[in-house]
1. Taking region 1-13 as the search range and keeping residues that are of a type in the set (S, T, N, Q) and in a loop (DSSP other than H, G, I, E, B), which one is surrounded by the fewest Cβ atoms within 10 Å (Cβ to Cβ)?
2. Could you list, in sequence order, all residues of region 1-13 that are touching a residue at least 24 places away in the same chain (Cβ under 8 Å) and within 16 Å of the chain's Cα centre (by Cα)?
3. Restricting the search to region 108-120, which residues are out of contact with any Phe, Trp or Tyr (no Cβ under 6 Å at 6 or more places or on another chain) and among the aliphatic types (A, V, I, L, M)?
4. Out of everything in region 21-44 that is of a type in the set (D, E, K, R) and either out of contact with any helix residue (DSSP H, G or I) (no Cβ under 9 Å at 6 or more places or on another chain) or within 23 Å of Thr120 (Cβ to Cβ) (or both), what residue ends up being modelled with the lowest pLDDT?
5. Report yes if Tyr92 is closer than 23 Å to Glu118 by Cβ and under 13 Å from the mean Cα position of the chain (by Cα), otherwise no.
6. Considering only region 14-123, give the strands (runs of 3 or more DSSP E) lying wholly within it that have at least 3 residues that are under 17 Å from Thr4 (Cβ atoms) and in contact (Cβ under 8 Å) with a residue 60 or more places away in the chain.
7. Mind checking which residues of region 21-64 are touching a Pro at 6+ places or on another chain (Cβ under 6 Å) and more than 11 Å from Gly11 (Cα to Cα)?
8. Please work out if Ala18 is at pLDDT 95 or above and among the small types (Gly, Ala, Ser).
Amino acid sequence: MNNTVVAIPSGHPGGLEAPLGAHFGHCDLYTLVSVQDSEIKEVQVIPSVPHSQGGCMAPVQYLAQRGAKVLIAGGMGLRPLMGFNQVGIDVYYGGNASTVGEAVQALINGVLPRFGQEHTCGGGGGGGMRS
């Protein structure tokens, strides 16, 4: 994996040790991880953005504006998944990872599946496919 920014919905306090957020649009915050030559180079924590203005697309645009090219999520609705596809952000299913760092390492190792319609939930505050 070469030079990319990975966005991961995260629980407090964010960072590599933080729990993976269960639903991308209703997470506490986002951890942005810069990956260069299959190594983690930089970690940044940013606040989440409410759905209120812009609906489901508000968080999609927010992450795109911050340079995200990949998103790892445990759950999301079909509409934001389509939005990520439209803005050129690849989405992977990380619902089996317990921490942000674990999810990013699985992505680097090439073992995360692409997020597909089978991973989507009905939206809202639901936890998606995490157990």
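The values are calculated or read from the model by the stated rules, or taken from the named source; none is laboratory data. Computed from a prediction, not measured in an experiment: that's the story for all the values here. So basically every Cβ, Gly included, is an ideal-geometry build from the backbone, and we count neighbours across all protein chains shown.
1. Asn2
2. Answer for region 1-13, where residues must be touching a residue at least 24 places away in the same chain (Cβ under 8 Å) and within 16 Å of the chain's Cα centre (by Cα): Thr4, Val5, Val6, Ala7, Ile8, Pro9, Ser10, Pro13.
3. Ile108, Val111
4. It comes out as Asp28.
5. Spelling it out, Tyr92 is indeed closer than 23 Å to Glu118 by Cβ and under 13 Å from the mean Cα position of the chain (by Cα).
6. Where strands (runs of 3 or more DSSP E) fall fully within region 14-123 and carry at least 3 residues being under 17 Å from Thr4 (Cβ atoms) and in contact (Cβ under 8 Å) with a residue 60 or more places away in the chain, they are 29-36, 70-73.
7. Gly25, Val49, Cys56, Val60, listed by residue number.
8. Yes, satisfied.
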